[in-house]
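Step one of this worksheet: look at the structure below.
Readers should treat all values here as calculations from the given coordinates under stated rules, not as data from a laboratory. The structure presented is a predicted model; accordingly, all values stated were derived computationally and were not measured. All Cβ positions, glycine included, derive from the backbone under ideal geometry; neighbour counts span all protein chains shown.
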Ligand SMILES: NC(=O)c1ccc[n+]([C@@H]2O[C@H](COP(=O)([O-])OP(=O)(O)OC[C@H]3O[C@@H](n4cnc5c(N)ncnc54)[C@H](OP(=O)(O)O)[C@@H]3O)[C@@H](O)[C@H]2O)c1
């Protein structure tokens, strides 16, 4: 059995948990306010899931998903994620997160910031450009014509491979952008962001993305 530790239980964290449990994963999910505030979600998810603190979720996971607002990255537990693959759903909304000059200038990436915070983990961008509700509605079996594709990026090939396997189980093809330094291509306001696209269309949209908006 594989356990996924999820840090963040909002729109996307809870939806990823629902699909992961459906697929047979064990899930430990957390938020900022404490596990008692996740009682309803834990009850809905059933016996394969439990609510915990972020540190407990990080420690329990064979791999982890960080799905908190960008400004909360400094709070993500470091030590229990050391040596683990960490999927990052983050996007930069300066209206919500405040301005990050390095992001505004096109000199950094959101997932790169998480990788800097977690130097002993293997960060991969994942599930950042799909509307949360579509995670459980848009997946189709491998080989389906025009199957929806999602992008990933990582400095670690085994992390990108894990994302591709997970995407396939969730019902999506994968386009690997390459290193985290290129992950801006699938960020907010670029052509690939939140659009429903197959692998060929996603590849094309990634190629024509502007570095700064
Ligand atoms: N919504 C989407 O469709 C979507 C799609 C793709 C990617 N994203 C991106 O994914 C990230 C999460 O989005 P969301 O829509 O799920 O946000 P959300 O609904 O606001 O949920 C955020 C979650 O993060 C938790 N959190 C906040 N600060 C935390 C901290 N310091 N430690 C632990 N947990 C903390 C919150 O817990 P509390 O409520 O207890 O504070 C909440 O469970 C964002 O970067 C977003 O841009 C969103």
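Name the shape class, rounded, prolate or oblate, that the alpha-carbon gyration tensor gives for region 14-75, where a ≥ b ≥ c are the square roots of its eigenvalues, rounded holds for a/c under 1.5, and otherwise prolate holds if a/b is larger than b/c and oblate otherwise. Don't jump to the answer; show the numbers that get you there.
Numbers: a/c = 1.72, a/b = 1.40, b/c = 1.23.
Taking the square roots of the gyration eigenvalues as a ≥ b ≥ c, region 14-75 is prolate.
Would you mind telling me which residue in 107, 187, 22 has the biggest mean-square fluctuation in a Gaussian network model of the chain, where springs connect alpha carbons within a distance under 10 angstrom?
It is 107.
What distance in nm lies between label points placed 7 Å from Cα along the C-beta direction at residue 168 and residue 1?
It works out to 2.5 nm between the two label points.
If you take every DSSP beta bridge whose two residues both sit in the chain, what share of them, in percent to the nearest 5, is antiparallel? Don't skip to the answer; put the middle values down first.
Details: 2 of 26 bridges.
Beta bridges within the chain, antiparallel portion: roughly 10 percent.
If each residue's Cβ is checked for other Cβ atoms within 10 Å, how do 185, 33 rank with the fewest at the top? Present the calculation step by step, with values, prior to reporting the outcome.
On the way: 185 25, 33 9.
If I rank by nearby Cβ atoms, fewest first, I get 33, 185.
Ranking 11, 99, 117 by Cβ neighbours within 10 Å, fewest first, what do you get?
Values: 11 14, 99 10, 117 17.
Sorted ascending by nearby Cβ count, the order is 99, 11, 117.
Can you sort 140, 89 by how many other beta carbons sit within 10 Å, fewest first? Present the calculation step by step, with values, prior to reporting the outcome.
Values: 140 13, 89 23.
Ordered from fewest to most neighbouring Cβ atoms within 10 Å, 140, 89 come out as 140, 89.
Compute a Gaussian network model of the chain, connecting alpha carbons closer than 10 Å, and tell me which residue from 136, 174, 152 fluctuates the most.
Sorting by GNM fluctuation, first place goes to 136.
Is the C-alpha gyration tensor of region 157-213 telling us rounded, prolate or oblate? Criteria: a/c under 1.5 is rounded; beyond that, a/b larger than b/c is prolate, otherwise oblate. Don't jump to the answer; show the numbers that get you there.
Numbers: a/c = 2.27, a/b = 1.42, b/c = 1.60.
Since a/c reaches 1.5 but b/c is at least a/b, the shape of region 157-213 is classed as oblate.
Where is the GNM fluctuation largest for the chain (alpha-carbon springs, 10 angstrom cutoff): 49, 72, 17?
Highest fluctuation of the listed residues: 72.
Report Rg(Cα)/(2.2 N^0.38 Å) for the chain, keeping two decimals.
Numbers: Rg = 16.1 Å, N = 213, 2.2 N^0.38 = 16.9 Å.
This ratio for the chain stands at 0.95.
Mind running the shape call on region 105-213? Use the C-alpha gyration tensor, a ≥ b ≥ c as the square roots of the eigenvalues: rounded below 1.5 for a/c, prolate if a/b tops b/c, oblate otherwise. Write down the numbers at each step before the final one.
Details: a/c = 1.95, a/b = 1.31, b/c = 1.49.
Taking the square roots of the gyration eigenvalues as a ≥ b ≥ c, region 105-213 is oblate.
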